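Input: a single structure, listed below in structure tokens.
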Amino acid sequence: MEKIENCVIVIFGASGDLAKRKLLPSLFELYHKNLMPFKFAILGVGRSDYDDESFREKANINVKLFSKNKPVNQKSLRDFLKSIYYEEIDPNNAEAYEQLKKRITDLNEFVDAKGNYLYYLATPPNIYDVITTNLGAQGLNKHNDGEGWKRIVLEKPLCSDLNSARALNAQIHKFFNEDQVYRIDHFLGKEGLQNIIAFRIANAIFEPLWNRNYIQRVEITAAENIGIEDRGVYYDANGALRDMVATHLLPLMSVFAMELPSKFEASVIRNEKIKVFHSLVPILSENVSKQVVRGQYLEATMRGDKIVSYRKEKKVEKDSKTETYLAMKFFIDNWRWGGVPFHIRTGKRLPTKITEVAIHFKKSPHSLFTRDFPTRYNDNQLVFRIQPDDGIWFKFGMKMPSAGFNIKSVNVDFHYKDIGEVEFPEPFEQLLLDCIRGDAMLFTRADAMEACWAFVTPIIQAWKENPDIKLHGYLAGSWGPKEATALLEPGEEWRYLSKELVNGVDSTDL
Ligand code: BG6
């Protein structure tokens with residue numbers, strides 16, 4: 001690997017949940033694996049009352065608690081903590097940035113960072129504008145002008161619709177060029193997702209099949225058994241369409257659907273992805289109820305635990321119309337995918353946690369064994385399981401030994417865990433390393449972000465303007481509203497991924 005340049009990493013919102021659970025533990029893992037620069041400083045910034053010492057103590061506890069590889073190596077951790085600092089400032093106060101500049105400049109000299117600064121905005125997005133404006137006012141955005149690089153990392157939620165996406169990009173671009181901006185989508189840091197690109201490139205036999213001639217439909221699932229935990233305020237304002245589809249699942253889909261790049265370079269891959277987004281067939285307002293099914297979980301008992309309905313979750317409006325489940329059907333209007341339905345389903349409080357992309361291939365044109373070959377087994381599937389139990393499996397029909405031609409569906413599977421000692425880095429580890437190295441391949445470019453929001457905004461508007469579009473209740477522990485089946489063709493089913501945990505589905509409309 002190339003030499004990684006020394007740098008100062010400035011984390012805004014350093015006392016928050018993200019820094020505690022993900023950023024500091026991931027930076028530590030990188031350090032422990034010898035992947036951090038030879039010299040670096042991590043400067044936590046925030047309103048909370050810490051100094052270097054007390055922030056290190058907090059980091060010490062959190063790294064031990066949230067590190068993926070436990071127990072952590074004590075010696076490594078002690079050394080890592082020496083590179084952590086804290087500056088208490090109110091990020092809303094413009095004057096405080098002089099103090100911040102001084103601190104960053106001192107650390108820059110101390111670790112010989114040559115002006116290489118990485119800003120991570122782990123704060124609520126409503127202060128992104130203040131932070132970028134003030135960094136700009138202090139000249140802390142000056143990039144590659146003989147004083148090193150300056151990069152800025154933005155965390156979701158980045159925006160809520162197309163207008164806010166455009167406004168955010170315009171604000172950021174006042175002070176940072178697009179090549180300085182790293183928009184994090186932690187799904188893109190998942191190994192299983194990166195493997196889709198690698199699989200396509202490494203296995204030439206599949207590419208001829210990767211199109212409308214052989215593929216019947218593509219099914220993407222991101223199911224979660226957890227609810228909204230303590231994120232009532234955030235989730236109620238966003239819902240599954242914004243939280244998962246716009247932010248993670250459309251970018252994931254683009255990796256699957258793009259043309260293979262001519263070079264393995266960030267700009268080339270990003271150019272291929274944007275072509276997919278630009279080819280999405282818009283879902284018109286009058287088609288929203290036909291192409292999108294939304295749901296919200298109702299009270300039920302899951303594995304012996306009583307689960308409260310979404311509307312009874314803390315900090316959620318009692319008559320909330322926010323969707324905790326969403327299934328949709330859409331098309332990509334290009335030569336490769338014309339006419340192939342893409343189905344996405346995602347939701348909270350479903351029976352299990354699974355993220356996968358499944359290709360359903362076209363059926364045999366002339367099936368001789370239909371009598372013994374039930375329809376649900378009657379397609380070949382190639383499944384990319386992104387989590388858990390990452391792997392790939394291919395499903396095909398095979399004759400069962402015995403007299404007669406009894407065809408059964410069987411799997412050829414590859415599970416990463418079978419390789420043995422393979423370590424799956426936390427997505428943040430990979431993504432932070434990429435920011436430090438300046439590799440933007442796994443980050444969402446401004447145009448892609450806007451294109452995703454351009455696609456989902458008409459759905460948001462249709463729901464807002466048309467209260468008759470149904471919000472279906474589904475029991476926690478079920479696979480969501482049965483109405484989602486209507487998105488498929490007759491005889492098709494959503495992939496069977498696990499048993500429902502509840503009996504009988506209440507399809508009360510909310
Ligand atoms: C986050 C969403 O971005 O992704 C959460 O805000 C969701 O609602 C999470 O639970 C899912 O990520 P993962 O990595 O657990 O699949």
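The values are calculated or read from the model by the stated rules, or taken from the named source; none is laboratory data. Just so you know, these numbers come straight off a predicted model, no measurement behind them. Note that we place each Cβ from the backbone using ideal geometry, even for glycine, and neighbour counts take in every protein chain shown. Quick note on the areas: whole protein, heavy atoms, side chains included, nothing else; ligands and nucleic acids left out. Shrake-Rupley method; radii C 1.70, N 1.55, O 1.52, S 1.80 Å.
If His143 meets every condition in (1) in a helix (DSSP H, G or I); (2) more than 16 Å from the ligand (Cβ to nearest atom) apart from one, which number is that one?
Of the numbered conditions (1) in a helix (DSSP H, G or I); (2) more than 16 Å from the ligand (Cβ to nearest atom), the odd one out for His143 is (1).
When the residues of the stretch 321-356 are filtered to those that are of a type in the set (A, V, I, L, M) and farther than 27 Å from Leu510 by Cβ, which remaining residue is nearest to the ligand (Cβ to nearest atom)?
Among those that are of a type in the set (A, V, I, L, M) and farther than 27 Å from Leu510 by Cβ, it is Ile332.
Whether any residue in the stretch 246-268 is assigned to a helix (DSSP H, G or I), small (Gly, Ala, Ser), closer than 30 Å to Glu500 by Cα and open to solvent by 60 Å² or more (accessible area, probe 1.4 Å) is what I want to check.
No: zero hits.
Does Ala19 satisfy being in contact (Cβ under 8 Å) with a residue 40 or more places away in the chain, part of a helix (DSSP H, G or I) and surrounded by 20 or more Cβ atoms within 10 Å (Cβ to Cβ)?
Numbers: in contact (Cβ under 8 Å) with a residue 40 or more places away in the chain: yes; part of a helix (DSSP H, G or I): yes; surrounded by 20 or more Cβ atoms within 10 Å (Cβ to Cβ): yes.
Answer is yes for this residue.
Take Glu155 and decide whether it is crowded, with 21+ Cβ neighbours inside 10 Å, modelled with pLDDT under 95 and within 14 Å of the ligand (Cβ to nearest atom).
yes
For the stretch 158-178, enumerate the residues that are closer than 22 Å to Ser267 by Cβ and either within 16 Å of the ligand (Cβ to nearest atom) or part of a helix (DSSP H, G or I) (or both).
Initially, the stretch 158-178 is screened for residues closer than 22 Å to Ser267 by Cβ, giving 158, 165-166, 168-170, 172-173, 175-178.
Leu158, Ala165, Arg166, Leu168, Asn169, Ala170, Ile172, His173, Phe175, Glu178, listed by residue number.
Which condition number does Ser402 fail, the rest of (1) touching a helix residue (DSSP H, G or I) at 6+ places or on another chain (Cβ under 7 Å); (2) open to solvent by 40 Å² or more (accessible area, probe 1.4 Å); (3) among the hydroxyl-bearing types (Ser, Thr, Tyr) being met?
Evaluating Ser402 over (1) touching a helix residue (DSSP H, G or I) at 6+ places or on another chain (Cβ under 7 Å); (2) open to solvent by 40 Å² or more (accessible area, probe 1.4 Å); (3) among the hydroxyl-bearing types (Ser, Thr, Tyr) leaves (1) as the failure.
Which condition number does Ala403 fail, the rest of (1) over 25 Å from the mean Cα position of the chain (by Cα); (2) of a type in the set (A, V, I, L, M); (3) assigned to a strand (DSSP E or B) being met?
Tallying (1) over 25 Å from the mean Cα position of the chain (by Cα); (2) of a type in the set (A, V, I, L, M); (3) assigned to a strand (DSSP E or B), Ala403 fails exactly one: (3).
Could you tell me whether any residue of the stretch 256-264 is within 17 Å of the chain's Cα centre (by Cα), small (Gly, Ala, Ser) and within 12 Å of the ligand (Cβ to nearest atom)?
No, the stretch 256-264 contains no residue that is within 17 Å of the chain's Cα centre (by Cα), small (Gly, Ala, Ser) and within 12 Å of the ligand (Cβ to nearest atom).
Of all the residues that make up the stretch 225-237, how many are surrounded by fewer than 20 Cβ atoms within 10 Å (Cβ to Cβ) and within 8 Å of the ligand (Cβ to nearest atom)?
Residues flagged as surrounded by fewer than 20 Cβ atoms within 10 Å (Cβ to Cβ) and within 8 Å of the ligand (Cβ to nearest atom) within the stretch 225-237 amount to 3.
Hey, among Lys290, Lys321, which residue is surrounded by fewer than 17 Cβ atoms within 10 Å (Cβ to Cβ) and within 19 Å of Leu488 (Cβ to Cβ)? Quick ask: steps written out before the conclusion?
On the way: Lys321 fails: within 19 Å of Leu488 (Cβ to Cβ).
Going through Lys290, Lys321 in turn, the sole match is Lys290.
Looking at Ile89, Ile104, can you tell me which residue is closer than 19 Å to Ser48 by Cβ, out of contact with any helix residue (DSSP H, G or I) (no Cβ under 7 Å at 6 or more places or on another chain) and either in contact (Cβ under 8 Å) with a residue 24 or more places away in the chain or polar (S, T, N, Q) (or both)?
Ile104
Of all residues in the stretch 179-213, how many are in a helix (DSSP H, G or I) and either of a type in the set (Val, Ile, Thr) or within 16 Å of the ligand (Cβ to nearest atom) (or both)?
Residues in the stretch 179-213 being in a helix (DSSP H, G or I) and either of a type in the set (Val, Ile, Thr) or within 16 Å of the ligand (Cβ to nearest atom) (or both): 12 in total.
So for the stretch 181-194 (the condition being open to solvent by less than 50 Å² (accessible area, probe 1.4 Å) and farther than 22 Å from Gln387 by Cβ), does at least one residue qualify? First the steps, then the outcome.
Restricting attention to the stretch 181-194, the residues satisfying the condition of being open to solvent by less than 50 Å² (accessible area, probe 1.4 Å) are 181-185, 187-190, 192-194.
Now restrict to residues that are farther than 22 Å from Gln387 by Cβ: 181-182.
So far as the stretch 181-194 goes, yes, one or more of its residues are open to solvent by less than 50 Å² (accessible area, probe 1.4 Å) and farther than 22 Å from Gln387 by Cβ.
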